[in-house]
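Following: one structure in structure tokens, then a few remarks.
The values are calculated or read from the model by the stated rules, or taken from the named source; none is laboratory data. These numbers were taken from a predicted model, which means no experiment stands behind them. Note that each Cβ is placed from the backbone with ideal geometry, even for glycine, and that neighbours are counted across all protein chains shown.
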Amino acid sequence: MTPVRSAPQTDRKLYRSISEVSDMVGVKAHVLRYWETQFSMLRPRKNRAGNRMYGPEEIKLLLQIKELLYARRFTIAGARRRLLDDRKETPQVELGFDDPDRRLMLKEVKAELKHLLMKLREREGAARR
């Protein structure tokens, strides 16, 4: 089994590919895909190409799942129940836009929207010619 590798503190990547997460968590990519089918709270985003992109919360959840299944020897059903019970006990807190990850995400969205707008304007200009 691959040793677990933690992300460097200086790495500011908001989303990671399944291969990166597989290396970080220490399980193969097919295991991560299987866990998605078994744990409803695990829903990574998908990019335009349909590739899974895991955020910090999904990575944290994957590490918890691995701990429960591999180290503490829970069954999948038992791990699912434990995670759901833990969620019920933890009060949900709304994050403001001051959160650095949120700000970074908003900047990425804004840049992507500007890029799309530029492409639309180029097409519009080409269609007029």
Among the residues of the range 7-21, is any surrounded by 16 or more Cβ atoms within 10 Å (Cβ to Cβ), under 23 Å from residue 82 (Cα atoms) and at pLDDT 95 or above?
-> yes
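Yes/no matrix, rows are residues, columns are (1) farther than 28 Å from residue 108 by Cβ; (2) in contact (Cβ under 8 Å) with a residue 24 or more places away in the chain:
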site: 23; (1), (2): no, no
site: 35; (1), (2): no, yes
site: 46; (1), (2): no, no
site: 49; (1), (2): no, no
site: 55; (1), (2): no, yes
site: 63; (1), (2): no, yes
site: 73; (1), (2): yes, no
site: 80; (1), (2): yes, yes
site: 89; (1), (2): yes, no
Any chance residue 49 is at pLDDT 90 or above, part of a helix (DSSP H, G or I) and among the hydrophobic types (A, V, I, L, M, F, W, C) | no
What is the residue count in the range 52-80 for residues that are part of a helix (DSSP H, G or I) and out of contact with any strand residue (DSSP E or B) (no Cβ under 8 Å at 6 or more places or on another chain)?
-> 19
Provide a single number: the residues in the range 70-118 that are more than 18 Å from residue 14 (Cα to Cα), modelled with pLDDT of 85 or more and more than 20 Å from the chain's Cα centre (by Cα).
-> 17
Within the range 22-52, tally of residues that are hydroxyl-bearing (Ser, Thr, Tyr) and surrounded by 14 or more Cβ atoms within 10 Å (Cβ to Cβ) | 1
